[in-house]
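Enquirer: First the structure, which I've put down as structure tokens, then a few questions once you've had a look.
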Amino acid sequence: MAMSNHIEQVRERPEAAVSQGILLPTLHELGWPVFDTNVVVPEFSVQGGRVDFALCNPPRRPLIFIEVKRVGISEGADRQLFEYAFHSGVPMAVLTDGQEWSFYLPGEQGRYDERRVYKLDLLEREIEEAVSRLERYLQYERVCSGEALKSARADYQNVARDREIEATLPRAWASLLEAPDSLLLE
């Protein structure tokens, strides 16, 4: 009974609780100076709205936007986040409810979901994998040096290539079956 109450509390946790209880401690562990509001900027103003957090380097120049939602309520929030990031020239965006972390490159090609580099569910992945991905995309030193963005772009290329293979392979196979080649038959 106690565990079900705990899970229910996590589901009902408001955005502020996710930000304060999950996001900021995670950023702190990743080396971000979370108490420097010129570097980790809460409620960053953008055209016509606000992003929950902007991770900046140099101060007040955002490199990553982070939008925080309640657990299970992040559906559809990617569009607003993309618009803010794209129009502000921010190369990476993160959407999280504390459990799921979706890493995006808003400036790349495709639909919103196709620009997702990686989706990390902290409850489904091994701890080592979760740590590795969070460090790969959000570790302060890697973000500041540009390595995090390079890694995200390389991962995006791999995802885009896999998506293209998945789309092309069935057509190629069907084409082979429709017009059999004599060499293939032998």
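The values are calculated or read from the model by the stated rules, or taken from the named source; none is laboratory data. Keep in mind it's a predicted model, so treat the numbers as computed, not measured. Because the Cβ atoms are built from the backbone with ideal geometry, glycine has one as well, and the counts that use them run over all protein chains shown. Remember, those area values only see protein heavy atoms, side chains included, never the ligands or the DNA or RNA. Shrake-Rupley method; radii C 1.70, N 1.55, O 1.52, S 1.80 Å.
Enquirer: For residues in segment 71-83 being more than 14 Å from the chain's Cα centre (by Cα) and at pLDDT below 75, which is most open to solvent (accessible area, probe 1.4 Å)?
Expert: Filtering first and then ranking leaves Ile73.
Enquirer: What pairs come up if the first residue lies in segment 31-47 and is without any contact (Cβ under 8 Å) to a residue 12 or more places away in the chain, the second is open to solvent by 70 Å² or more (accessible area, probe 1.4 Å) and part of a strand (DSSP E or B), and their beta carbons are under 6 Å apart, counting only those six or more places apart or on different chains?
Expert: Note: pairs meeting the criteria are Glu43/Arg50.
Enquirer: Here is a list of conditions, (1) more than 15 Å from Asp52 (Cβ to Cβ); (2) at pLDDT 85 or above; (3) in contact with a Phe, Trp or Tyr (Cβ under 7 Å, 6 or more places away or on another chain), and Ala93 meets all of them except one; can you say which number that is?
Expert: (1)
Enquirer: I would also like to ask the following. Across segment 99-121, which residue is nearest to Tyr137 (Cα to Cα) among those that are at pLDDT below 85 and either in contact with a helix residue (DSSP H, G or I) (Cβ under 9 Å, 6 or more places away or on another chain) or open to solvent by less than 10 Å² (accessible area, probe 1.4 Å) (or both)?
Expert: Step by step, filter segment 99-121, then rank; the result is Arg115.
Enquirer: Right, something else. Please work out which one of (1) touching a residue at least 40 places away in the same chain (Cβ under 8 Å); (2) assigned to a strand (DSSP E or B) is the condition His87 fails and give its number.
Expert: His87 satisfies every listed condition except (2).
Enquirer: List the number of the failed condition for Ile165; all other conditions in (1) at pLDDT below 90; (2) under 14 Å from the mean Cα position of the chain (by Cα) hold.
Expert: The number of the failed condition is (2).
Enquirer: A further question on this structure: Counting only residues that are in contact with a strand residue (DSSP E or B) (Cβ under 6 Å, 6 or more places away or on another chain) and not in a helix (DSSP H, G or I), how many does segment 106-146 have?
Expert: Going through segment 106-146 one residue at a time, the tally reaches 7.
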